[in-house]
1. Pull up region 14-39, narrow it to residues that are outside any helix (DSSP H, G or I) and loosely packed, with under 10 Cβ neighbours inside 10 Å, then point me to the one that is modelled with the highest pLDDT.
2. Evaluate the following for PRO46: is it modelled with pLDDT under 80 and not aromatic (Phe, Trp, Tyr)?
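The values are calculated or read from the model by the stated rules, or taken from the named source; none is laboratory data. Just so it is clear, the structure is predicted and the values come from calculations on it, not from any experiment. Backbone-built Cβ (ideal geometry, glycine too); neighbour counts: all protein chains shown.
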Amino acid sequence: MSQIRLYDAEAAQDSLESLFAAHGPQRSHIYWCILLGVAAGLAALPLVKVEVSVRAQGMVRPQTERAELKSAVAGTSPKCTR
């Protein structure tokens, strides 16, 4: 059976297969660190305690109440410039 060439020599240097051949499976430690970090985060979820308090049903208020602003002089400005 004859060998089939999928890439010419110039294109083979910039292919995904050449990247895998250069770095190989020995470089998967970053993947495993991320995977272990996500697994540890998911495992720690039942251990995290969060306090939730509800004062009134459906009422959301700002921490500081709205204050009314009044100008010292009444009137309108003819033109606003920046």
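1. Step one: of region 14-39, the residues outside any helix (DSSP H, G or I) are 14-15, 24, 28.
This time we only want the ones that are loosely packed, with under 10 Cβ neighbours inside 10 Å, so: 14, 24.
Working: ASP14: 75, GLY24: 70.
Step by step, filter region 14-39, then rank; the result is ASP14.
2. Details: modelled with pLDDT under 80: no; not aromatic (Phe, Trp, Tyr): yes.
It is false that PRO46 is modelled with pLDDT under 80 and not aromatic (Phe, Trp, Tyr).
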